[in-house]
Amino acid sequence: MAERAPYAAVSEFGLQTFAVADADIRKLRHDPLELATRAVQPVLWLVLFGQVMAQIHGLSTNGTRYLDFLAAGILAQSVLFAAIFYGISAIWERDLGVLHRYLVSPAPRPALVIGKALSASVRGLSQAVIVYLLALAMGIGVSFDPLHMVGAAAFVALGSALFSTLSLIIACIVKTRERFMGIGQVLTMPIFFASNAIYPIELMPPWLRAVASFNPLTYEVDALRALMLAGGVSGFGLPLDAAVLLGASAMLIAVAAPLYRRMAT
């Protein structure tokens, strides 16, 4: 019995985490219009911004076509923009009384936070499908290697979990929709532009390059660029990309769990 106790505890934790994630995923299934509206942003960036920037011949991307270079960055951007506003759902849940039902359940607080992160990962994967289809329509050299596609999906899910947990922390601190939206809008652009999403790190001034090296989005883009594109190469190495994202996610979950418990007060 003593040997089975750890396994039973892990199994129970997994079931509770899945139950929270499933409850949020059901909301997405009942609102397909949300997926359609989120497709607009990557279309605008790739079709308009990408076509214009591709005409700038001085923009060096190490021999890669600019649209190919941009595609992975726009995928990461779509994931970031969807995840960073995910915390507003926690504020709605508190106002509607759903949060109180979560908190009186026997589920550990980390299971609640991880469940929320997993549901955000599913939303991120839906964004990945949209960007992949758009990239194919635009003739971007997408890799169809099954291992690369699975790896890209894993990094998309990990990035979604990371930034949605950051969003949840912000929601737990500010507790109002108006403040949350203001802070979310302030954060998205610095995170996006202080990364390698739309231009190589080598083009940045030294101070911005230093900021980008601490930006998790930089490592997500680096991994996606290696896995999404045919012949793509990681500048930092996929193990380092994964280690940074996993480490940052673990730290944010550790911070979010106690804050989520106090959000209802």
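The values are calculated or read from the model by the stated rules, or taken from the named source; none is laboratory data. In this text the structure is predicted, and so the values were computed from the model without any measurement. No Cβ is skipped: glycine too gets one built from the backbone with ideal geometry, and neighbour counts run over all protein chains shown.
Here's the yes/no breakdown for (1) surrounded by fewer than 18 Cβ atoms within 10 Å (Cβ to Cβ); (2) farther than 20 Å from Pro42 by Cα:
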position	(1), (2)
Leu136	yes, no
Ser143	yes, no
Ala152	no, no
Ser160	no, no
Leu168	no, yes
Phe180	no, yes
Leu217	no, no
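Out of the residues in segment 195-238 meeting the condition of being among the aromatic types (Phe, Trp, Tyr) and part of a helix (DSSP H, G or I), tell me which one is nearest to Leu75 (Cα to Cα). Explain how you work it out, then say what you get.
Of all residues in segment 195-238, those among the aromatic types (Phe, Trp, Tyr) come to 199, 207, 214, 219, 236.
Add one more test, that the residue is part of a helix (DSSP H, G or I), and what stays is 207, 219.
Numbers: Trp207: 25, Tyr219: 13 Å.
Ranking the qualifying residues of segment 195-238, first place goes to Tyr219.
Just to check your reading of the model, which residue among Val129, Val156, Val150 is touching a helix residue (DSSP H, G or I) at 6+ places or on another chain (Cβ under 8 Å), on the phi < 0 side of the Ramachandran plot and in a helix (DSSP H, G or I)? Steps first, answer last, please.
Values: Val129 fails: touching a helix residue (DSSP H, G or I) at 6+ places or on another chain (Cβ under 8 Å); Val150 fails: touching a helix residue (DSSP H, G or I) at 6+ places or on another chain (Cβ under 8 Å).
Exactly one of Val129, Val156, Val150 is touching a helix residue (DSSP H, G or I) at 6+ places or on another chain (Cβ under 8 Å), on the phi < 0 side of the Ramachandran plot and in a helix (DSSP H, G or I), namely Val156.
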State whether one or more residues within segment 224-232 are surrounded by fewer than 20 Cβ atoms within 10 Å (Cβ to Cβ), touching a residue at least 40 places away in the same chain (Cβ under 8 Å), more than 21 Å from Leu118 (Cβ to Cβ) and small (Gly, Ala, Ser).
yes
Working only within segment 84-126, note down all residues that are within 21 Å of Ser11 (Cα to Cα), part of a helix (DSSP H, G or I) and among the β-branched types (Val, Ile, Thr).
Val113, Ile114
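In the list Val255, Val244, Val221, which residue meets the criterion of being surrounded by 13 or more Cβ atoms within 10 Å (Cβ to Cβ), aliphatic (A, V, I, L, M), touching a residue at least 24 places away in the same chain (Cβ under 8 Å) and touching a Phe, Trp or Tyr at 6+ places or on another chain (Cβ under 7 Å)? Give the derivation first.
Details: Val255 fails: touching a Phe, Trp or Tyr at 6+ places or on another chain (Cβ under 7 Å); Val221 fails: touching a Phe, Trp or Tyr at 6+ places or on another chain (Cβ under 7 Å).
Result of the check over Val255, Val244, Val221: Val244.
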Return a yes/no flag: does segment 44-59 have any residue that is part of a loop (DSSP other than H, G, I, E, B), at pLDDT 75 or above and surrounded by 18 or more Cβ atoms within 10 Å (Cβ to Cβ).
no
List the number of the failed condition for Tyr199; all other conditions in (1) at pLDDT below 95; (2) within 18 Å of Leu162 (Cβ to Cβ); (3) aromatic (Phe, Trp, Tyr) hold.
(2)
Out of all the residues in segment 13-43, which are modelled with pLDDT of 75 or more and either under 25 Å from Ala137 (Cβ atoms) or not in a helix (DSSP H, G or I) (or both)?
Val40, Gln41, Pro42, Val43
